[in-house]
2 protein chains.
Amino acid sequence: MTAAEQLRNEQADFVAAVAGELTGFLTSRQGIMSGISSDIDPIMGSISNLVTGGKRLRALMCYWGWRGAGGEAGAAEVVTAGAALELFQAAALIHDDIIDRSDTRRGGPSVHRRFSQLHESQGWALDSERFGQAAAILAGDLCLSFSEEAFTDIGDRAASGSRARLIFNLMRAEVMAGQYLDILEEVAGPVRDRAGAVSRAQSIIRFKSAKYSTEHPLALGGALAGGTNDLLRGYSAFALPLGEAFQLRDDVLGVFGDPLTTGKPAGDDLREGKRTVLVALALDQAAPAESEFIDARLGSPDLTDGDVQEIRRIIEDSGALQATEVLIGEYGAAAYEALEALDLDELPKTALRRLAEATVSRAS
Amino acid sequence: MTAAEQLRNEQADFVAAVAGELTGFLTSRQGIMSGISSDIDPIMGSISNLVTGGKRLRALMCYWGWRGAGGEAGAAEVVTAGAALELFQAAALIHDDIIDRSDTRRGGPSVHRRFSQLHESQGWALDSERFGQAAAILAGDLCLSFSEEAFTDIGDRAASGSRARLIFNLMRAEVMAGQYLDILEEVAGPVRDRAGAVSRAQSIIRFKSAKYSTEHPLALGGALAGGTNDLLRGYSAFALPLGEAFQLRDDVLGVFGDPLTTGKPAGDDLREGKRTVLVALALDQAAPAESEFIDARLGSPDLTDGDVQEIRRIIEDSGALQATEVLIGEYGAAAYEALEALDLDELPKTALRRLAEATVSRAS
């Protein structure tokens, strides 16, 4: 078996083990819920549906962080940690989609839309949209509780006061804080000083995405395997710029991505009013009339396809798209440099390099 | 010192210790959040504000459950458990108020209203109501995570696999399931068979309220102190009917309560469309035309004061109010009987009797 095959097999085994862990976890909870009422099945179904998809980026970061710190291949603790991270991600997506009024997720209806549709198909009373949101708030809360239950299932290595527990707690608090800064910038951005907009957008990226998607999951794996604080600092030097590049790529895809590949409508981020680094750079670099056009149309629910095209044109012509691609390149380079400086075995180092490549150059 | 004074003092000491624990906990998290951005202060402020009020019913149930099982007075574990329960209750209230579109909580604005008002006062862009809801979803998520962090802070007695942890997990899952059944009944109730409405309403009460407000907190305290499974079963025989009486009282107050005492607008539950036992009994017992009137107006956002008065009249004249008071009396009697059968020291037994009295006969 070549090294590349070994890597692929080990990673596939881990992903399958996480999927199995999630199925087992949710089946046991389904048993509890069935005892209450079969009416709860759609809530459980919406969670199951969401955790069966996705790129498993966070679980994989955790796994290779664990392996890099000397953890045993396929050990139960890191599989459970991976499942906990996937459940947390599902909870975040459910609430995120309510907040952003996103009707689609991975090409299908988002959870609040699923429940609005259930309401409509059953001919129930009162407002279907309101019911959908309420049900999705509760589904997200349940999934958030599940993520923590799964995390606690890791056992001693994640006990009260452990480094792994502290990282998990910090991750949750930071992503929620980052999401708040994100929605705050949508509404407060237009009246705050434009000079600080790029740096505010970068701070949002760091907390709502980079720390959560790459830095903390990698550190979590390292901490669970008993890695030194030095190793964890090295992990961070790699994963933080990687996560920033990941989110900048996400922002570019949110404006320029192909709906068939991303599973989200074209220009979705513009309709939601996201003030990303990409948008902040455009507002800063475009002609005043063009900046005003973006400011006036961003976040408008009745944004036309023509508006989307015009904003795209301004972002391109202002040089903001190019500047963002340069930033992605710089963050990516910083990540690769930090990765090479890490004293890791060849297998986890190669695995992290592959993950980094997939993250920075992805199209969905 | 008389026995009554001893009880009052010990209970006051515990309530003060929980308040201190909450302040310490939130101050340490405020430190983390300040490191991200002072923009997050209003989120932390909304959580602090919510945990400083309230009746501390769940924390007190936990405390006397602990003491009844032989736990030491004022011990750190039970104080931390009380703080975790209060944080969980705050998280539930934040999301509940979004779901029910309740603009007031304890006489002040609810969290989503606070953020809508912040938006309006700052002259921010886009929609203030939407911003308020999004901020409150995130504030509730953060508070839910905090409740679990506090619970884990209890240490070994609440470790992975412990009875206390299992009770805490079951409590969270059941209350979320119960809340979903509650909103489902609002929309599906009108098209489901009326004959099953009272029993569906009783099931909702059990899961969204009775188990969560009294049964599980009492059991949690007992489990933390190492109480036997027999004791925990005895606790349940007392606390479950007590919690059912508690929620039936809440339902009566939601329709007939004095806004000055409850801190909520008159007839709020009717505007929200809650299909409580009280309402289900009225639908069952009133004349067809009157039942139809309730069915048509319940949950209508433009319900007039005249409508509220008419629905109140129907609930009274149909005998539903009287029948609910009889149920409250029966549940209360079952609770007292189970309490007397418990083999407890005089102090915790008296304390639980007092809590039960306050719970069943309260006016707010």
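The values are calculated or read from the model by the stated rules, or taken from the named source; none is laboratory data. Everything numeric here is computed off the predicted structure, so don't read it as measured data. Heads up, the Cβs are rebuilt from the backbone with ideal geometry, glycines too, and the neighbour counts pull from every protein chain shown. Accessible surface is based on the protein model in full, side chains and every heavy atom, while ligands, DNA and RNA are left aside. Shrake-Rupley method; radii C 1.70, N 1.55, O 1.52, S 1.80 Å.
Which one is farthest from A:ALA125 (Cα to Cα) among residues in the range B:145-200 that are of a type in the set (D, E, K, R) and in contact with a Leu (Cβ under 9 Å, 6 or more places away or on another chain)? Outline the logic, then answer.
So in the range B:145-200, the residues of a type in the set (D, E, K, R) come out as B:148-149, B:153, B:156-157, B:163, B:165, B:172, B:174, B:182, B:185-186, B:192-194, B:200.
Retained after the next criterion (residues that are in contact with a Leu (Cβ under 9 Å, 6 or more places away or on another chain)): B:148-149, B:157, B:163, B:172, B:186, B:194, B:200.
Values: B:GLU148: 36, B:GLU149: 39, B:ARG157: 46, B:ARG163: 41, B:ARG172: 28, B:GLU186: 8, B:ARG194: 15, B:ARG200: 17 Å.
Out of the qualifying residues, it is B:ARG157.
B:GLY257 - would you say it is touching a strand residue (DSSP E or B) at 6+ places or on another chain (Cβ under 7 Å) and either at pLDDT below 95 or not small (Gly, Ala, Ser) (or both)? Write out each step before concluding.
On the way: touching a strand residue (DSSP E or B) at 6+ places or on another chain (Cβ under 7 Å): no; either at pLDDT below 95 or not small (Gly, Ala, Ser) (or both): yes.
When the stated conditions are applied, B:GLY257 does not pass them.
No other residue among B:ALA282, B:ALA356, B:ALA287 is of a type outside the set (D, E, K, R) and touching a Phe, Trp or Tyr at 6+ places or on another chain (Cβ under 9 Å) apart from B:ALA356.
Quick check on the range A:39-72: of everything there that is surrounded by fewer than 20 Cβ atoms within 10 Å (Cβ to Cβ) and within 11 Å of chain B (Cβ to nearest Cβ), which residue is farthest from the chain's Cα centre (by Cα)? Among them, the one singled out is A:ASP39. Residues in the range B:98-120 that are within 12 Å of chain A (Cβ to nearest Cβ) and surrounded by fewer than 16 Cβ atoms within 10 Å (Cβ to Cβ): B:GLU120 alone. Within the range B:314-351, the residues that satisfy the criterion of being more than 30 Å from B:ALA3 (Cα to Cα) and either outside any helix (DSSP H, G or I) or not β-branched (Val, Ile, Thr) (or both) are B:GLU316, B:ASP317, B:SER318, B:GLY319, B:ALA320, B:LEU321, B:GLN322, B:ALA323, B:GLU325, B:LEU327.
Among the residues of the range B:294-303, the one identified as surrounded by fewer than 12 Cβ atoms within 10 Å (Cβ to Cβ) and more than 10 Å from chain A (Cβ to nearest Cβ) is B:ASP302. Tally up the residues in the range A:259-273 that are touching a helix residue (DSSP H, G or I) at 6+ places or on another chain (Cβ under 7 Å) and more than 17 Å from A:ASP302 (Cβ to Cβ), please. Result for the range A:259-273: 1.
Determine if the range B:246-266 includes at least one residue that is within 27 Å of B:ALA335 (Cβ to Cβ), among the aromatic types (Phe, Trp, Tyr), in a helix (DSSP H, G or I) and open to solvent by 50 Å² or more (accessible area, probe 1.4 Å). Before you say what the answer is, go through the steps one by one.
First, the residues of the range B:246-266 that are within 27 Å of B:ALA335 (Cβ to Cβ): B:246-258, B:261-264.
Restricting the remaining residues to those that are among the aromatic types (Phe, Trp, Tyr) gives B:246, B:256.
Now narrow it down to the ones that are in a helix (DSSP H, G or I): B:246, B:256.
Filter once more, so that each one left must be open to solvent by 50 Å² or more (accessible area, probe 1.4 Å): B:256.
Within the range B:246-266 (the criterion being within 27 Å of B:ALA335 (Cβ to Cβ), among the aromatic types (Phe, Trp, Tyr), in a helix (DSSP H, G or I) and open to solvent by 50 Å² or more (accessible area, probe 1.4 Å)), the answer is yes, since at least one residue qualifies.
One line per residue, one yes/no per condition, for (1) at the interface with chain A (Cβ under 10 Å from one of its Cβ atoms); (2) open to solvent by 10 Å² or more (accessible area, probe 1.4 Å):
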| residue | (1), (2) |
| --- | --- |
| B:PHE151 | yes, no |
| B:SER160 | yes, yes |
| B:LEU181 | yes, yes |
| B:PRO190 | yes, yes |
| B:ALA197 | no, yes |
| B:GLN202 | no, yes |
| B:THR214 | no, no |
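Note on the range A:220-245: residues that are open to solvent by 10 Å² or more (accessible area, probe 1.4 Å) and not aliphatic (A, V, I, L, M) amount to 9. Looking at A:THR23, is it under 30 Å from A:PHE115 (Cβ atoms) and open to solvent by 40 Å² or more (accessible area, probe 1.4 Å)? Taking the combined requirement at face value, the residue satisfies it.
Looking at the range B:330-343, can you tell me whether even one residue there is under 18 Å from B:GLY65 (Cβ atoms), among the acidic types (Asp, Glu) and touching a residue at least 40 places away in the same chain (Cβ under 8 Å)? Scanning the range B:330-343, I find at least one residue that is under 18 Å from B:GLY65 (Cβ atoms), among the acidic types (Asp, Glu) and touching a residue at least 40 places away in the same chain (Cβ under 8 Å), so the answer is yes.
Does B:SER209 satisfy being within 14 Å of chain A (Cβ to nearest Cβ), closer than 30 Å to A:SER116 by Cα, among the polar types (S, T, N, Q) and over 13 Å from the mean Cα position of the chain (by Cα)? Criteria not met by B:SER209.
Summed over the range B:121-139, the residues that are among the hydroxyl-bearing types (Ser, Thr, Tyr) and either within 11 Å of chain A (Cβ to nearest Cβ) or not in a helix (DSSP H, G or I) (or both) give a count of 1.
Quick one: count up the residues across the range B:209-240 that are outside any helix (DSSP H, G or I) and touching a Pro at 6+ places or on another chain (Cβ under 9 Å). Residues meeting the conditions: 0.
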